[in-house]
1. Would you tell me the mean number of C-beta atoms belonging to other protein chains that fall within 10 Å of each C-beta in B:185-192, as a whole number?
2. For chain A, what relative contact order do you get, as a whole percent, if you take Cα pairs closer than 8 Å and at least 6 residues apart?
3. Which of B:Leu35, B:Leu123, B:Leu234 ends up with the largest GNM mean-square fluctuation for chain B, with Cα atoms connected below 10 Å?
4. So, counting K/R as plus one and D/E as minus one, what does the shell of residues with Cβ under 9 Å around A:Arg189 add up to?
5. Taking beta carbons within 10 Å but only from partner chains, what does the mean come to for residues B:162-174?
6. For the range B:50-275, what relative contact order do you get, as a whole percent, if you take Cα pairs closer than 8 Å and at least 6 residues apart?
7. Per DSSP helix of 4 or more residues, -39500 (n - 2.57); summed, then divided by the residues of the protein assembly as shown. What does that give at 222 nm, rounded to the nearest 500?
8. Where both partners of a DSSP beta bridge lie in chain A, what percent of those bridges are antiparallel, to the nearest 5?
Amino acid sequence: MAATEIDMRPMSLPAESSATPKAMPIAMSVRDLRASYGAASVLKDVNLEVRERTVTAIIGPSGCGKSTLIRCLNRMHEAIPGATCDGDILLGDRNALALDPVLLRREVGMVFQRPNPFPTMTIAQNVAAGLVLNGVCDHAVLAETVEKSLRRAALWDEVKDKLDAPGVGLSGGQQQRLCIARALAVEPRVLLLDEPCSALDPIATGRIEELLLQIKDQLTVVIVTHNMQQAARVSEYTVFMLMGEMVEYGLTRQMFTKPTDKRTEDYITGRFG
Amino acid sequence: MNDLVYARRKKVNALMFALTAVCATLASGTLLAILGYIAWKGGSSLSWSFLVNLPKPVGEHGGGIANAIVGSAKVVGLAGVLGIPVGVSAGVYLAEYGRGKYAFSVRYAADIMNGVPSIVVGLFAYALIVHPMKKFSALSGSVALAFIMVPIVLRNTEEFLRLVPGTIREAALALGVPRWKVTLFVILPTAGRGIMTGALLALARVAGETAPLIFTAFGNRFADNGWLNPIATLPHTIYTYAISPYEDWHNQAWAAALILMAFVLVVNVTARLWLRPRLT
């Protein structure tokens, strides 16, 4: 599927409801991205444009390269020995693959599948970690950031009286929101979430979906999910991937009602995967 | 027929079970026997004055081992100061950065070092320090003990760093924190208890080493006199007193052994209790 075709589709669609976005500027774009682990190729010429202040969901069966794709977006794939990628990834108009990965990750944050608060730190320290480790030590600034980030992650009311308790003492859902707060504290422009709810129950999942809908006013969200209902609930755009290829990319409403590709239709209707 | 087989199987099972139980008792009983025997033999010579006085000349009754207690503390302490940072840093290298042949050979060398007889390590320290300086010294004893500590601390540090889940590392990296800060401020503290426990256990282990001290720290009947002079240590004092022909010294050797055992036991138990709440 040619890149130009994909680019046009979201813009040419009529704005039918509130879930249909006005075409926002492009936050990140991916051009001809290939990625491999050693000799095994996992991504084949992926082209994608992520629009600012929207939620883009990436769906597809296990092993289709969803996680690899979002890892490439902030170059976390480099933490895996043997992983390489080539092609172009643009953050605004800067080449992400040429930036210092440390600086790139401050602008493109990530939340992982399993909640992973730092075990030696309190709730407040966890949220402030990104700032503290990068040299911010003004207590007033830190306290303010902790509160603001926890509020954005919809966790403040539950933890405001125990900010000095260990982060790992929270429930799974709370831990995941803590991790979101921690990622938000460094003020990223893009937040990547790699199956953030797969270890959580439906109630905790619902809370995270709510908060995603709130934070997307201020930043761009890309979420990998196994759960198609989740993609339908939270995202404006959906990417469907299969065996390392991007099969279809478009407005979520469109994709879940009138998919253009037969394989997308089969996957969405549960005929395979 | 089936009943017969069953009965036989029951008997064999009972026999083997009894055998393993006996061996288990033998294994743990040894520790109790040693502890009990030393407490019984050493307890009678143990007194406050034994702990705070210097040795008396041969033939004169009484005297203590204050110099050996201070000496052991100094030699083992300096060994820790020298050996723990090297072991921990090398462990960090192996766990966080070490890949390929170099890391493999470092790990392999450490494992071999763990098995090198301690007297050989003592000889090495002798050649390295005592011989060039033409003098037995506390320093050379510490260096010998540090050589023994490094591979123990190294392997332990590596193991505990590997227990830190990769997701913690990723979480910190994804915040835009440089790799070295992730290792130093996130990974090391997470494995901190385990690493410190390992260091304590290594200290306890070398506190009882005698062979490497025979021709390094050498022993001294007088009070501690700086780092560059021969110095008395507990295990070496026990050795000297135990092979002496004097009944009085024999008793003192038992008492000194009791003190050494008590020290090692306290450090061991503390270290293990400390480790328990996390990363076990």
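The values are calculated or read from the model by the stated rules, or taken from the named source; none is laboratory data. Owing to the predicted nature of the structure, the values given are computational and were not obtained by experimental measurement. Please note: Cβ atoms are built from the backbone with ideal geometry, for glycine as well, and neighbour counts cover all protein chains shown. Note: accessible area is taken over every heavy atom of the protein model, side chains too, but ligands, DNA and RNA are not part of it. Shrake-Rupley method; radii C 1.70, N 1.55, O 1.52, S 1.80 Å.
1. Mean inter-chain Cβ contacts per residue within 10 Å come to 3.
2. Working: 515 pairs, mean separation 71.7, N = 273.
It comes to 26 percent, rounded to a whole number.
3. The residue that fluctuates most here is B:Leu35.
4. On the way: positive: none; negative: A:Glu52, A:Glu107, A:Glu187.
Summing Lys/Arg as +1 and Asp/Glu as -1 gives -3.
5. Details: counts 0, 0, 1, 3, 3, 6, 5, 2, 8, 14, 7, 9, 21.
Per residue, the average neighbour count from other chains is 6.
6. Values: 339 pairs, mean separation 60.9, N = 226.
Value for the range B:50-275: 27 percent.
7. Details: 22 runs with 297 residues, N = 553.
Calculated from helices alone, the mean residue ellipticity at 222 nm is -17000 deg cm²/dmol.
8. On the way: 25 of 42 bridges.
Bridges in chain A are about 60 percent antiparallel.
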